[in-house]
Amino acid sequence: MAKSTDGDGSGVHARRLNLPRIAEPQVTIDGPAMPGEAVPLSYEPGRGPLTRDEVLANYRRRQRIRNDRLPPDKHEQLAEQLPDAQGPKDPVNVRMSTLVVEYLNLYALLEDLPVTAVLEAAVMEMVLRSPQRPDKAKVRYFELQEALNNGKALVEAPASPSPLDLVRLRQQAAELTAAIDDLEGGARAS
C-alpha cells in the first residue's frame, strides 16, 4: 500500500485511524452476570493484566452470542470455568500479510516448532501482559509494520513484567538460597 501523510508530513498510513472492527452483538441476561459477561469490557487506564474472571465472563458472553444464532436444541452449556490451556484446540482463521507469514515460517523453522506453536506462544506471552491503551496499540501496530517493511530491527517496547517471570525469579531465588545454605552449612562443618 502506498504511503500517504495525514497532512502533517508524518508519513502515516491514511488508514491508520480506521482499523476495521466487528461490532459486538448485544447479549441479554436474566439474573446476575459477571462483569464483562453482558456488556463487553473496554480499556480503562491503569488496568493490569487480564484476569481469569474477565476471560471467563467474556467466554460466557461469546457462548451466549453463539447460542443466540443456533436452534435451542444445539445450544452449548455456559462454561463454569475456563478450559485447560492444553485442552482441545479451536480453529482460528486470521489474515496476515505475506511478509509477516514468511517471517513467521522462518521463525518457526529456526525454533524447530510448528507455526501454530510459535503463534500460540506469542499470543500467550501477549495476554499475560497488561493491554495497551487502544491509541497506543494502533500506533505500535503500524510501527511494527513499518519496521518489517524497511527491514529494520525494532527495539522492543517495554512490557509489563509477566506473572510467569515472577514465578521463575522466585524459584531461582529459592534455589540460590538453598545452594547458599548448603555451602554455608558445608563450610561450618569443616
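The values are calculated or read from the model by the stated rules, or taken from the named source; none is laboratory data. The structure displayed is predicted, hence computed values, not measured ones. Positions of Cβ are generated from backbone atoms using ideal geometry, with glycine treated the same way; all protein chains shown enter the neighbour counts.
Per the conditions (1) modelled with pLDDT under 90; (2) touching a Gly at 6+ places or on another chain (Cβ under 9 Å); (3) assigned to a helix (DSSP H, G or I), the sole criterion not satisfied by SER4 is (3). Can you tell me which residue within segment 29-81, out of those that are among the polar types (S, T, N, Q) and assigned to a loop (DSSP other than H, G, I, E, B), is surrounded by the most Cβ atoms within 10 Å (Cβ to Cβ)? Restricting to residues being among the polar types (S, T, N, Q) and assigned to a loop (DSSP other than H, G, I, E, B), the top hit is THR51.
Those residues that are charged (D, E, K, R) and farther than 9 Å from GLU37 by Cβ, I need them from segment 56-71; list them, please. Those that are charged (D, E, K, R) and farther than 9 Å from GLU37 by Cβ: ARG62, ARG66, ASP68, ARG69.
Within segment 86-142, restricting attention to residues that are more than 12 Å from the chain's Cα centre (by Cα) and of a type in the set (Lys, Arg), the residue that is farthest from THR51 (Cα to Cα) is ARG95.
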